[in-house]
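Okay, structure first, notes after.
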Amino acid sequence: MSTHALHNKGFASLLTTFSFIVMSLSGVLLFIVPQGRIADWTDWRMLGLTKSQWGDIHITTSLMFLVVGAWHIWLNWRTLLNYFTARRETGLMMGRELAISGVVTVFIIVGAVFQVPPLSYVLTLNNAIKQAWIVDKDHDPPMGHAELLTMPSFAKKQQMDLNQVTGTLKQNGITFTDTESLAVIAKNHATTPVKLYQLIKPLEGGAAGMAAAVAPAGGEVAQAHPQRASPSAQPAAPVAQPAAPVAQPAAPVAQPVYTDELVDEKFEGRGMGRKTLAMLADEIGFDLAKARAKLAARNVVMKDDETLKDAATKAGLAPLEILKIILVGEPKKA
């Protein structure tokens, strides 16, 4: 059976066509998907894929279209060149077509940057479609990337009593560990972060109420009034003044170290999940080799090109929990 050589031009044309189709489909879906905080909070999916996955598809197929398009141009360079050098039957050169194409392209770019009609209408429509996904006020998370918080951290921020939260979720068949993010808890129980929130939302303010209940009742604290001296009372003997204390050398101030609470306070909601380990080490100032050793001791593997969020998802942890593994006990940099 004879085999035919690969038809380069045909192969390039097919790859260009397929990448264009997939890139166009993913582009349309990314145009209509809800905003990132809504998509992650509600676990939005289309054709079984999340917004993040559609974004990855769009990026890779766009790269494929770029590479194959360049190859296609190279294979058809003579034909393309003829468009600008040879006369058509109408007797017109392609110079006018080239100029108009360039003007249209520049207008599209400038119009998008400066919101020029009619391109501004397209961008307004895009925003309206994204806002239309918020059909319930709970679909808008109470804070950015709330799905990445652990349940204790989320309960603390929403002033919920963690014991009540645990009990309520357990009654609904949902259990969790303190190191799992809301996204991981939801995934483990085939639900979404927003549905978890709807179950425990009635408990909001409970922690503040319990704190108020154990606080002392309001009112001014009675002040002791000195007794009035009777006229017959003898003047008190003068009290000897204590000798001035001898100055002691100041104790050395211990360098503060990271704690669980300090990591939450300092890095929560700052978009750390989008950064790689090297970027985090450079920004925070920890030893990269030591961080890898601490992660390895907890069976957490984080590749060089992997973000904190991706590594956390793979390990079934919240991103800040990985950061705590690295930082807790380490000296806090100024």
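Coordinate-derived values only; no laboratory data. Here the structure is a predicted model, which means the values were calculated and not measured. Here the Cβ positions follow ideal geometry from the backbone for every residue, glycine too, while neighbour counts run over all protein chains shown.
Data overview
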{"quantity": "Equivalent-ellipsoid semi-axes of segment 141-207, from the Cα gyration tensor, Å, largest first", "calculated": "15, 14, 11"}
{"quantity": "Ranked by how many other beta carbons lie within 10 Å on average, peptides 172-178, 51-57, 307-313 from highest", "calculated": "307-313, 51-57, 172-178"}
{"quantity": "Sequence of E180, E283, E321 once ranked by neighbouring C-beta atoms within 10 Å, starting from the fewest", "calculated": "E283, E180, E321"}
{"quantity": "Net charge over other residues, Cβ less than 10 angstrom from the Cβ of L262 (K, R count +1; D, E count -1)", "calculated": "-1"}
{"quantity": "Percentage, to the nearest whole number, of Cα pairs in segment 8-132 over 17 Å apart", "calculated": "72"}
{"quantity": "Surrounding net charge for F154, when Lys and Arg each add one and Asp and Glu each subtract one, Cβ distance under 12 Å", "calculated": "-3"}
{"quantity": "A289 versus I134: modelled label distance in nm, points set 7 Å from Cα along the beta carbon direction", "calculated": "4.9"}
{"quantity": "Gain on full stretching of the segment that runs from H189 to R96 - 0.36 nm per residue minus C-alpha separation", "calculated": "27.3 nm"}
{"quantity": "Under 13 Å from K294, Cα to Cα: aspartates and glutamates that are on another chain or at least 8 residues apart", "calculated": "E321, E330"}
